Structures are given as structure tokens and as C-alpha cells.
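The values are calculated or read from the model by the stated rules, or taken from the named source; none is laboratory data. None of these values were measured; they are calculated from a predicted model. Cβ placement follows ideal geometry from the backbone for every residue including glycine, while neighbour counts extend to all protein chains displayed. Heavy atoms of the whole protein, side chains included, go into the accessibility calculation; ligands, DNA and RNA do not. Shrake-Rupley method; radii C 1.70, N 1.55, O 1.52, S 1.80 Å.
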Amino acid sequence: MAGTSRSESRTGLLNGFAAYGMWGLVPLFWPLLKPAGATEILAHRMVWSLAFVAAALLFVRRWAWAGELLRQPRRLALVVVAAAVITVNWGVYIWAVNSGHVVEASLGYFINPLVTIAMGVLLLKERLRPVQWAAVGVGALAVVVLTVGFGRPPWISLCLAFSFATYGLVKKKVNLGGVESLAAETAVQFLPALGYLLWLSAHGDATFTAEGPGHAALLASTGVVTALPLVCFGAAAIRVPLSTLGLLQYLAPVFQFLLGVLYFGEAMPPERWAGFALVWLALALLTGDALRTSRRTSRTLAAERARIHAEEVASAASGAPQVPAPEASAPTPDGTAAPAPAPVAASSAAPSAPSSPTAATTASAASAAAPETQPGRARP
């Protein structure tokens, strides 16, 4: 049993590294699709993503969720909102990478946890611990410093961070698995995207057939590039703790940042280094606070279980009815234990925050950095 658990954990870690690694290295892919513009690439991503996930769902014969979704207008409306928001996120990210703003795009996913926390306070009236308030304040200062460094507000970063945080908030309400969620969202996107591609072709501006079979194959592979990391994330999410996912999620923006500086050669004047350093400090505060809270909650839960076990032994000796031990639970933002969630089915792509982050948004660094890792967040 212990060997199986270690094997499952190792498999989860490998899938986690694969998911966040692919999301982190995706800036290398989008420039390969030139001379297609960002809007054409985005439209192909929507069309081919639906084709890929539809084929996957047909293969595993998992369509029951679609009928349930169609019978629930409120959830269906939320899927439409999620599709609209992730369209903005995808489009801005593709344009940013292909326009030489990889570093600024990576910043969006660094500050996303801070934006998610701020939205939780403003919209959900969540209470923060002092360290979380300090992290949000440091993050706000970082935006001011980066505004000076860029000579303008880092609007690409802010747009990516706010769109992804909004996406995560909506996804929390929809509560669909990752692949199912991507299928529903791309189904909403499909007709407008296909209509745009047909319009481009009618005007002779489409590159799909004009640049050769290699270019067409690359455009078609946008579906795989979108869905494959999500599948790996789903495999990781059901095998490793949220705290581990919370630490792994930083791989994606770190890789993107390093690619922007070292591979694409984007400028990093001292003001930008100072702004990024403040962002990293804020994230370090959040992660440390989350890990401390997680350990404290684990100790409290262990003590509670020991107490209940002692009561069970005493009850058994006296013949009184036994009290069942509570299930493990995740702490709420103020550090108290929340009711345990229902078991996550193996078919679910993520627990309820990189699919597309976030992210992720809890008792882990994942939730402190992105208060709750949403199911099926679609990464860049």
C-alpha cells in the first residue's frame, strides 16, 4: 500500500511538472505560427481545442455532464461568461508573446494570486490574515514601481491577471471538470471563431492554406497545446496535495520570465527588477503564510483525531455508541477548518483552482497564492 502511494505521488509530481512546464514553455510555440496574426491564432485555438477535447470525450464516452449542463440555465450562462473571459485572456497572451512582451505577460501570472485575493476581499467579503494584507500591499507597491519602469501601467499584466482571476471566480461557480469545462467553453467559442476564419479565407487573408502544410499542422496543433497540459494537471491534482500544486504553479511564470529575459532578450532595467523583486517578496509572504497555516491546521486535526480516538476507546469499553472521526478538511482563509469536500472522482481534471492562470486560486500554498485552484483553469 505504501509503495502504491509513493508511486501515485511520483506520477502526480511528474504530471504536475509536465503541466506547468508546458504552460511555462508555451511562449516558444506562438511565434512559430507567424505570419498568422494573434486573432487568427486565437480563432484556430478555439476551433481545434474543441475538436481535440470532443474526440477525447467521445473516446472515454463521458457526455452525461453535457445534458445536465443544458438543463441548468444559470450554469450555462456562467460557462458563456467563462468562455468570454478566457477569450480575452488567451488573445492578450498570444498578442503579448508575439509582440515582444513575454516578460510583462509573465508578470500577469505572478501577480494573479494577489489579484485573486483582492477580488475575494472585494467581491466575496473574505477576511485576510495580516500577512496576506501585507502581501497585497507589497503587490500594489510593485505595480506602482513597474509603472515607472515601463513608463506606463503594466496593462498587459493587469489584463491577464484580472481576466484569469475573474475566470477562476466564475469557474468556481460552474464546478465542471477540466476537460469537460474546456469542451463547454470552446463549444461557446466555436461558431464565432469558425465564422471569423471563414471570413478571413473569403477575403484571402487566411494563412491556414496559404503557408503550406507545415503551417497548417502547427495551427491545428493549438488544440493539443491547449488541452494536453490540462490533462496532465488533472492527473496531478488528484494525486498530490494542494500545497505541492501551489508551489508547482510558480514554474509557469518563472519559465516565461526566464524565456523573456534570456531567450527573447527583452530589456530589464533596474526599475523593472525592483518591481519584480517586490512581486516575488509578496508571493514569498503568501506562500510562507499558507504553509504555516497548513501545518497548524494539520496539527490541530491530528490532535482532534487523537482525542476522538481516545473517546472511541473509552466508549467501546463502556458500551456507549462510538462517535465517527471527522474527515480531513481544508482551512478557511482565517485558518479554521472548513467541512471536508466530497471525494474527487478520478475523472475530474482538477480540484475545486495553470485549465487555462488561477490562479488558481485554502490550506495550501496553491490557495494562498491563488486562493482556490479552480477546476479546469485554462492556462495561457
Can you tell me which residue among Thr39, Thr11 is at pLDDT 95 or above and surrounded by fewer than 22 Cβ atoms within 10 Å (Cβ to Cβ)? Thr39
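Would you confirm whether any residue within segment 249-259 is more than 14 Å from the chain's Cα centre (by Cα), among the hydrophobic types (A, V, I, L, M, F, W, C), open to solvent by 60 Å² or more (accessible area, probe 1.4 Å) and farther than 24 Å from Glu8 by Cβ?
Checked segment 249-259: at least one residue is more than 14 Å from the chain's Cα centre (by Cα), among the hydrophobic types (A, V, I, L, M, F, W, C), open to solvent by 60 Å² or more (accessible area, probe 1.4 Å) and farther than 24 Å from Glu8 by Cβ.
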Restricting attention to segment 229-247, does a residue exist that is out of contact with any His (no Cβ under 6 Å at 6 or more places or on another chain), within 21 Å of Pro27 (Cβ to Cβ) and of a type in the set (A, V, I, L, M)? yes
Among the candidates Leu197, Leu191, Leu158, single out the residue that is open to solvent by 20 Å² or more (accessible area, probe 1.4 Å), closer than 25 Å to Ala64 by Cβ, among the hydrophobic types (A, V, I, L, M, F, W, C) and out of contact with any Ser or Thr (no Cβ under 6 Å at 6 or more places or on another chain). Leu191
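Looking at Trp65, Trp90, Trp95, which is the one that is surrounded by 19 or more Cβ atoms within 10 Å (Cβ to Cβ), in a helix (DSSP H, G or I) and either of a type in the set (Phe, Trp, Tyr) or on the phi > 0 side of the Ramachandran plot (or both)?
On the way: Trp65 fails: surrounded by 19 or more Cβ atoms within 10 Å (Cβ to Cβ); Trp95 fails: surrounded by 19 or more Cβ atoms within 10 Å (Cβ to Cβ).
Result of the check over Trp65, Trp90, Trp95: Trp90.
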Scan segment 226-236 and tell me whether some residue there is of a type outside the set (A, V, I, L, M), at pLDDT 95 or above, over 30 Å from Thr297 (Cβ atoms) and touching a helix residue (DSSP H, G or I) at 6+ places or on another chain (Cβ under 8 Å). no
Search result, residues across segment 235-248 that are more than 11 Å from the chain's Cα centre (by Cα) and either open to solvent by less than 10 Å² (accessible area, probe 1.4 Å) or of a type in the set (S, T, N, Q) (or both): Ala236, Ser243, Thr244
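Here's the yes/no breakdown for (1) closer than 26 Å to Ala43 by Cβ; (2) β-branched (Val, Ile, Thr); (3) assigned to a helix (DSSP H, G or I); (4) under 16 Å from the mean Cα position of the chain (by Cα):
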| position | (1), (2), (3), (4) |
| --- | --- |
| Leu69 | yes, no, yes, no |
| Leu76 | yes, no, yes, no |
| Ala82 | yes, no, yes, yes |
| Tyr109 | yes, no, yes, yes |
| Asn112 | yes, no, yes, yes |
| Ala118 | no, no, yes, no |
